[in-house]
1. To the nearest 10 degrees, how steep is helix 178-196 against the longest Cα principal axis of the chain, on a 0 to 90 scale?
2. Test of understanding: what is the full-extension gain from Arg24 to Met138, defined as 0.36 nm times their sequence separation minus their Cα-Cα distance?
3. In whole Hz, what ³J(HN,Hα) sequence does segment 35-46 give by Karplus (6.51, -1.76, 1.60; θ = phi - 60°), x for Gly and Pro?
4. Taking Cα atoms, how many degrees apart are the long axis of helix 90-107 and the longest axis of the chain, rounded to 10 and kept between 0 and 90?
5. Just how large is the dipole of the chain about the Cα centre, in debye to the nearest 20, putting +1 at every Lys and Arg Cβ and -1 at every Asp and Glu Cβ?
6. Mind checking the angle between helix 58-79 and the chain's longest principal axis? C-alpha axes, 0 to 90 degrees, to the nearest 10.
7. Taking the Cα centre of segment 1-56 as origin, sum charge times position over the Cβ atoms of Lys and Arg (+1) and Asp and Glu (-1), and report the length of that vector in debye to the nearest 20.
8. Between Asp67 and Arg198, what is the label-point separation in nm under the 7 Å Cα-to-beta-carbon projection?
Amino acid sequence: MLLERDHGRLQGLLVRQHLLAIAREMLAEVGPEQLTMDALAERSGLGKGTVFRRFGTRTGIFAALLDEAERGFQEDVLGGPPPLGPGAPPMERLAAYGEARMRFLMDNRGVARAALAGRQPQPGGSLPTSLSHTHIRMLLGLIDLGPADLGLLTLQLTAALDDPLLRYLSTTEVDHATAQITDTLAKGWRDLVRRVCRP
């Protein structure tokens, strides 16, 4: 019985990986607008019910794609070269993290935008932020900030990082000035970190 259940889970995982690979191909070929439940089912040769069971909704497809890309970003944060990865002073890592997070989301804005579809951007709540929150809190704990409330400061910095990104990810105007907007946001984040963490 257990072996049969494990086989079923493995089969489900393989189907999901197959669907995500097809979804990535479709994104590269036709863009996010054409990636629908029906189109993914047809292209993959699987039934729409199978796609629905794996992702629930069209938004679920994009959330899964973003989550997959997120794993690579997390690897860079946890084990990549400094200053994003370990080895740099915490304040420098905090500044590098915010900038890298902005660039990651801007580079994946089509998928992120579709993953947010139908959800109202709420401060610090609509975009998955567990990595941001955890990482920022860990880095703040390594900086001598005196009697600061690190929990509250973590929430405030996480919101300061996510809110502007949510604003820009929700509009197509960013597509015409991505580099300029990203550079402006990164500069603002670095300035904020310097001011908040000033000795």
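Just so it is clear, none of the values below were taken in a lab; they were calculated from the coordinates. What you see is a predicted model; the values in this text were computed from it and never measured. When we count neighbours, we look across all protein chains shown, and the Cβ atoms used for this are built from the backbone with ideal geometry, even at glycine.
1. That helix lies at roughly 40 degrees to the long axis.
2. Working: separation 114, 0.36 × 114 = 41.04 nm, distance 3.33 nm.
Stretched out fully, the Arg24 to Met138 stretch lengthens by 37.7 nm.
3. Calculated HN-Hα couplings, in order: 8, 10, 4, 4, 5, 5, 4, 5, 5, 7, x, 10 Hz.
4. 40 degrees
5. My answer is approximately 300 debye.
6. The two axes meet at around 50 degrees.
7. On the way: 8 positive and 7 negative charges, 51 e Å.
Once rounded to the nearest 20, the dipole reads 240 debye.
8. Simple spin-label model gives 4.2 nm for this pair.
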